[in-house]
Amino acid sequence: MTATIAAAGTGTTARAGVEVRLENLRRRYGPITALDGLSLTMAPGELVALLGPSGCGKTTALRLLAGLEDADEGRILVDGHDVTGQPANKRGVGMVFQAYSLFPHMTAWQNVAFGLQMRRVHAAERRQRAGEMLELVGLSGYANRFAHQLSGGQQQRVALARALAINPKVLLLDEPLSALDAKVRARLRDEIRRVQLEVGTTTLFVTHDQEEALAIADRVGVMQSGRLEQLGPPTTIYSRPASAFVAEFVGLTNRLPGTVARGAVDVRGTRLPLVQTDVPDGPAIALIRPEAVSVLGDANGASGPLVGTVIATVFLGATSRVTVDLGDVTVLTQLATSEAAAHPAGTRIRLAIRPDPVLIARDQPAGEHR
Amino acid sequence: MTAVLEKSFVDTAGRPTGGGRRLPSQWLAVIPFFFYLGIFLLLPTLIVVGGAFFDRNGLGFSNLLIMNKPFVISAYLNSVILAAITAIAGAVLGAVLAYAVVSGNPNGVFRRLVTSACGVLAQFGGVTLAFAFIATIGSAGFVYLWLKQHGLDVYAHGLWLYDLRGLELVYTYFQIPLMVLVFLPALDGIRPQWREATESLGGNTWQYWRYVAGPLLAPAFFGATLLLFANAFSAYATAAALVNQGSVIASLLIANTMTSEVGLHDPGIASALALVMVVMVATVMVLYTVLQRRTARWLR
């Protein structure tokens, strides 16, 4: 036991994770199907983020892996061992909850040492190990504080240290940043990634925040209605979404009407190749990223399918998001802030659409940005 | 100039002259409550304190010497035992019922039914409660008679309903619902994440109760038990309605000392006896408050 726990101590750089496989998991709550045949393989030491809207099944998947709920069908394999029927306290899975999961009557170090106490690790070793874990998350000076004496971010860091103290085979993070304010959230997100890389534990991170998922994960799994819509590296998920749902859920998307013919879609005079191969010819809605729309220049007095009026500019820092009214539809474009400043609201500009492959959403109205 | 004058007017208009701070308006609403408290709690307490230290010869401690009398010690001992037994029984049974309530649907009928019933039953004391027991399991009560017809004579060894054992049963009747009402918020404060965290960290159900839920609920449980103790210790009307002979408990002894038309009558001694009761209840309530504060910090 001692050796096992020490293996993941501070300073361990080797990836100590194990492979995790979810095979065809199904879970129903009465008439509601929360998971509908989820299959997912996580490589040793990998951080996978499950992303999706509320009710998509991502938390259910995490709870099944933790052993907090039972699957109706399917198997869970951790390091090659079938743990499907195993109770949560035998799985060796560390978990960080959304919020308020620290035991309020224990100090930070007592919380961190709790899992070791359950494993009957000697008191002196518990104390040392808890100290190491608190140091790992940068809270060694807060060991004797109670939960109510810590900020939300500090509490979550203690929760992370507590989950890691038992040297788990798998680390599960259930929306651990959702109760924190934006600044703390971004900082802690990076902190979690740093710690995860340092200890090398295979990690499943559940979130509904796309920015969080794209920033932290080796791979992102986008879920909808209990199914995995797409699993891939963040860049692939964003730039090559496998479905209209993924395209619309991850990042902002322009929904522009066009006409499909011979494997391409014509959008306001620009011919764009299609990602999908099964789209029939005819009217369709093309999903186009704002950064695929560029400004060719001012167009005072001019007209054309991609000429419009700037109606709003949202400053985002280095870039700005500009909304352009094309008459029958509005288009979002993302520009360098200096370029956006050259086209204030009211300016007539001419746009161009980069001929990247696009996805088609055929059953919803155009002109909405998602 | 106009602007300066206007500003000056605005700055000073909201404050009373003399530099004092105005009483916040919300305090106005509680003035009747404090008035009520003053008349019916503070003033009687002061009278009791004053009465306890004044005898026929003026200021002194002679009234308090009554506490050395065996019948007084016996009455207080009986009160403590009665309060302790009914507090512990009420606390345990009430906690079990409260746990059953929180284990169910938070918006379910069972919870609404139990909490509503407890709200009523916790206040169901005095003569009405005594009569309810007399009418059901008294010597002519219909439940007693029915049981007797079926071969169970609960009074085979004496009519215990009208002595201390009877009081224990009757007091427990209102202690259980009071416990449910007082303990329910603490149970509601236990977060499901704590159990799940315990499980994921390798703990089992026993360890969860031993190391997490137990220590978290202990202050609330013991605080509520103290409240029940104080509730039973100071109860009078139910005992007065049930127990006709003797002063078996402190509250009856105080009443008899106040109103007796024979030798026991002595308002000064009654005040001394009441003072001891006030001190005991106040001590218990201070302990209750301390424990409640800890519970509130952990289970908010």
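Coordinate-derived values only; no laboratory data. For clarity, every value in this text was computed on a predicted model and none was experimentally measured. Ideal geometry is used to build each Cβ from the backbone, glycine not excepted, and the neighbour counts take in all protein chains shown.
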Checklist line | Within a Gaussian network of chain A (alpha carbon springs, distance under 10 Å), most fluctuating of A:Tyr29, A:Tyr238, A:Tyr100 | finding: A:Tyr29
Margin query: What is the sum of charges, Lys and Arg at +1 and Asp and Glu at -1, for the other residues whose Cβ falls under 15 Å from the Cβ of B:Val180?
Written below: +1
Check: Among A:Ala264, A:Ala247, A:Ala61, which one shows the biggest mean-square fluctuation in a GNM of chain A, springs joining Cα atoms closer than 10 Å?
Finding: A:Ala264
Check: What are the residues whose amide H is under 5 Å from the amide H of B:Asp163, where those residues sit 5 or more places off or on another chain and H is modelled from the backbone?
Finding: none
Notebook entry, point to check: To the nearest 0.05, how large is the calculated FRET efficiency for B:Val49 and B:Val109 if R₀ is 41 Å and r is the Cβ-Cβ distance?
Noted result: 0.25
Notebook entry, point to check: Separation of the range B:69-85 and the range B:139-156 by C-alpha centroid, Å?
Noted result: 30 Å
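Apply the a/c threshold of 1.5 to the C-alpha gyration tensor of the range B:23-158 and tell me whether it is rounded, prolate or oblate.
Details: a/c = 2.50, a/b = 1.24, b/c = 2.01.
Oblate, because a/c is 1.5 or more while a/b does not exceed b/c.
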Item checked: Alpha carbon Rg of the range A:62-186, scaled by the compact-globule rule 2.2 N^0.38 Å -> 1.10
Notebook entry, point to check: For A:Lys169, which lysines qualify as cross-link partners when the Cα separation must be under 28 Å and same-chain residues fewer than eight apart are set aside?
Noted result: A:Lys58, A:Lys90
Check: Taking only Cα atoms, what is the 0 to 90° angle, nearest 10, from helix A:182-199's long axis to the longest principal axis of chain A?
Finding: 60 degrees
Notebook entry, point to check: Counting pairs of alpha carbon atoms under 8 Å apart in space and at least six apart in sequence, what relative contact order in percent does chain B give?
Noted result: 28 percent
Notebook entry, point to check: Can you give the Kirkwood hydrodynamic radius of the protein assembly as shown from its Cα pairs, in Å with one decimal?
Noted result: 31.7 Å
Item checked: With Cα atoms, 0 to 90° folded angle of helix A:123-136 axis to chain A main axis -> 20 degrees
Next item on the list: Quick one: work out Rg over Rh on the C-alpha atoms of chain A, Rh as Kirkwood radius.
Entry: 1.07
Margin query: Over the Cα atoms, compute the radius of gyration (one decimal) and Dmax (the largest Cα-Cα distance, rounded to a whole number) for the range A:20-72, in Å.
Written below: 11.0, 36
Notebook entry, point to check: Which of the lysines could be linked to A:Lys183 by a straight reach, that is with a Cα gap under 19 Å, when you skip same-chain ones fewer than 8 residues away?
Noted result: none
Margin query: Give the separation of the Cα centroids, the range B:229-300 to the range A:30-98, in Å.
Written below: 58 Å
Next item on the list: Within 10 Å of each residue's Cβ, count the other Cβ atoms and sort B:Leu42, A:Leu102 from fewest upward.
Entry: B:Leu42, A:Leu102
Next item on the list: Apply the Debye scattering formula to the range A:253-361, with a single equal point scatterer on each alpha-carbon and no solvent, then give log10 I(q)/I(0) at q = 0.21, 0.23, 0.24 Å⁻¹.
Entry: -1.04, -1.18, -1.25
Next item on the list: Output the relative contact order of the range A:237-370, whole-number percent, from Cα pairs under 8 angstrom with separation of 6+ residues.
Entry: 32 percent
Check: What is the range B:30-298 by shape, rounded, prolate or oblate, if you read a ≥ b ≥ c off the alpha carbon gyration tensor as root eigenvalues and call it rounded for a/c under 1.5, prolate for a/b larger than b/c, and oblate otherwise?
Finding: oblate
Checklist line | Degrees separating the helix A:108-118 axis from the principal Cα axis of chain A, which is the longest one | finding: 70 degrees
Next item on the list: State, to one decimal in nm², a quarter of the convex hull surface area for the C-alpha atoms of the range A:124-225, i.e. the direction-averaged projected area.
Entry: 7.1 nm²
Check: Cα centroids of the range A:165-235 and the range A:290-330: how far apart, whole angstrom?
Finding: 34 Å
Next item on the list: Compute the relative contact order of chain A as a whole-number percentage, counting only Cα pairs closer than 8 Å that sit 6 or more residues apart in sequence.
Entry: 17 percent
Note to self: At 222 nm, what value in deg cm²/dmol follows for chain A if DSSP H runs of at least 4 each add -39500 (n - 2.57) and the sum is divided by all its residues, to the nearest 500?
What the structure shows: -7500 deg cm²/dmol
Next item on the list: Fewest Cβ neighbours within 10 Å first, please rank A:Phe146, B:Phe34, B:Phe183 accordingly.
Entry: B:Phe34, A:Phe146, B:Phe183
Margin query: Among B:Ser251, B:Ser200, B:Ser260, which one shows the highest mean-square fluctuation when chain B is modelled as a Gaussian network with alpha-carbon springs under 10 Å?
Written below: B:Ser200
